Structures are given as structure tokens and as C-alpha cells.
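Input: a single structure, listed below in C-alpha cells.
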Amino acid sequence: MLKAIIFDFDGLILDTETPQYEAWQQIYAQRGLGLSLRDWGSIVGGQTGTPFDPGVQLASQDPTLDADSLNQLADRIAMETILSSPPLPGVASLIRQGREQGLKLAVASSSPHSWVDGHLQRLGLFDQFDTVVCREDVAHPKPAPDLFVEALRRLDVLPAQALVLEDSPNGALAARRAGIACRVVRNPVTMLLAFEGDVVELDSLEQFVLSQFKAGG
């Protein structure tokens, strides 16, 4: 029996990933360089392998540049779009369905509370969740299972009683490692990224009928 839904945040509830990637593409392009989706994709939804920092990479190629200043510039460019963006399609409806069915709801994100909580409050969604788990709450971000394991603990449910909603390979892998069923909704950034193993994909959360989902499936 399904008892809980665990939502990712970036790229699933709010598309913060596309504006951030486009901001860095703009910064790189101004210097005659390109930023590959493969490099960017390694940090979407968590961290895989050697940490990739676009500011550090760019500064390493030009000693006149400062990585911290580049990161601040990218944040300013991206935030202009992010702050005017609504929740992604189907998010509000699915939260409402979950509440109507008496399910417990959580957010599990590799981003910090300062980022996730603030945006959820701005969108009027923070109080809709029973708990919000972020990267400072656990030892390891996605693709480690820690965030989802902690969400299960706080919600007091078993892996087979929960459903994870994700957009990224790192997130989907973390859900698998936690033993939780996962549904993937790609966004423009994760559209071309490779997912490990078989994943069940949705075009958007709008097409997902919660009442037809079988726990553990």
C-alpha cells in the first residue's frame, strides 16, 4: 500500500536546472568556449565522480578570472528566470491528490535548505510537505541513497510503501539504491542524459494518475 511520495526539488518541482545551465553557457560563450551537457549533467541532482565546478574550470583556463565571481555572475543571471518561474506542470495537482488520499509527502534534495526551503515558501508549497530533507541533513548526496533513507525514516514508512519522483540520473540511481520505486520526468537539461538501468518515465507529472500506481512497482 502506498503511504508516501518523495519529491526531488530542482528540475522536478521547479526547473532551476535549465536557467543555471543556460547562464553558464552564456558565460562560456562570451569567452569563445562551450560547456558540454555531459559535464553539466554530472552534477545535476547530486554529484558523480570527480566534482565538476564550471567556475573553477573556466578560471583554470584564464588566470584573470575568479571562480567565485563567475559563480556569483551565473547565479544572478539564472535567478532572473528562476524567480519568475511557477512550479512545473502537474506538481500542484499531484500534491493535492496525495493530500486527498492521506499520503505523507516529502522533498529530498541534494541542494541546501537555504535554497530549497526558500523556493518552496515562495511558491506556497513548503507547508504542503511533512518534511524536507536536504544535503546538510545526511552524510552523502545523491546518487547515494542517504537522502531517501532519511526521508523514509522521518515519514516512518518502508521503502516498498513509498514512491520517488525524480528528473535526473543521480536521483533515479539514489532511489534504486534505497529500494524505492521511482518515476522519472525529464526536463530540458536531463532530456539527453543517460540513466543507469531501466527507468519508468513520464512525459510530465500531469499524466501521472496517482490512484493507478501500485506500491512497490
Sum of -39500 (n - 2.57) over DSSP H runs of 4+, divided by residues of the chain (222 nm, nearest 500): -11000 deg cm²/dmol
Between the alpha carbon centres of region 114-134 and region 145-217 the gap in Å comes to 19 Å
Listed residues E80, E136, E166, most fluctuating in the chain (Gaussian network, C-alpha, under 10 Å): E80
Rounding to the nearest 10 and keeping the result within 0 to 90°, find how far the Cα-based axis of helix 146-155 lies from the longest principal axis of the chain. 40 degrees
Going by alpha carbons, how many degrees (0 to 90, nearest 10) lie between the helix axis of 169-178 and the longest principal axis of the chain? 40 degrees
Over the chain, with a Gaussian network built from C-alpha contacts below 10 Å, which listed residue (Q25, Q72, Q61) shows the highest mean-square fluctuation? Q61
Under a GNM of the chain (C-alpha, springs under 10 Å), which listed residue has the highest mean-square fluctuation: G55, G124, G171? G124
Over region 1-117, what lengths in whole Å, largest first, do the semi-axes of the equivalent ellipsoid take, defined as the square roots of 5 times the eigenvalues of the alpha-carbon gyration tensor? 34, 15, 11
By its C-alpha gyration tensor, with a ≥ b ≥ c as the square roots of the eigenvalues, how is the chain shaped: rounded for a/c under 1.5, else prolate for a/b larger than b/c, else oblate? prolate
When DSSP beta bridges are limited to those with both residues in the chain, what percentage is antiparallel, rounded to the nearest 5? 0 percent
Residues whose placed amide H lies under 5 Å from that of C182, excluding near-sequence neighbours: V164
Please turn the phi angles of region 19-30 into ³J(HN,Hα) values with the Karplus equation 6.51 cos²θ - 1.76 cosθ + 1.60 (θ = phi - 60°), one per residue in order, whole Hz, x for glycine and proline. x, 5, 5, 5, 5, 5, 4, 5, 5, 5, 4, 4
Acute angle (nearest 10 degrees) that the helix 113-122 long axis makes with the longest principal axis of the chain, alpha-carbon atoms: 70 degrees
Mind jotting down a quarter of the surface of the convex hull over the alpha carbons of region 147-199, in square nanometres, one decimal? 3.5 nm²
Report the dimensions of region 105-217 along its three principal axes from the alpha-carbon atoms, largest first, rounded to Å. 32, 31, 29
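Bear in mind that the values in this text are calculations on the coordinates, not laboratory data. Here the structure is a predicted model, which is why all the values come from computation and not from measurement.
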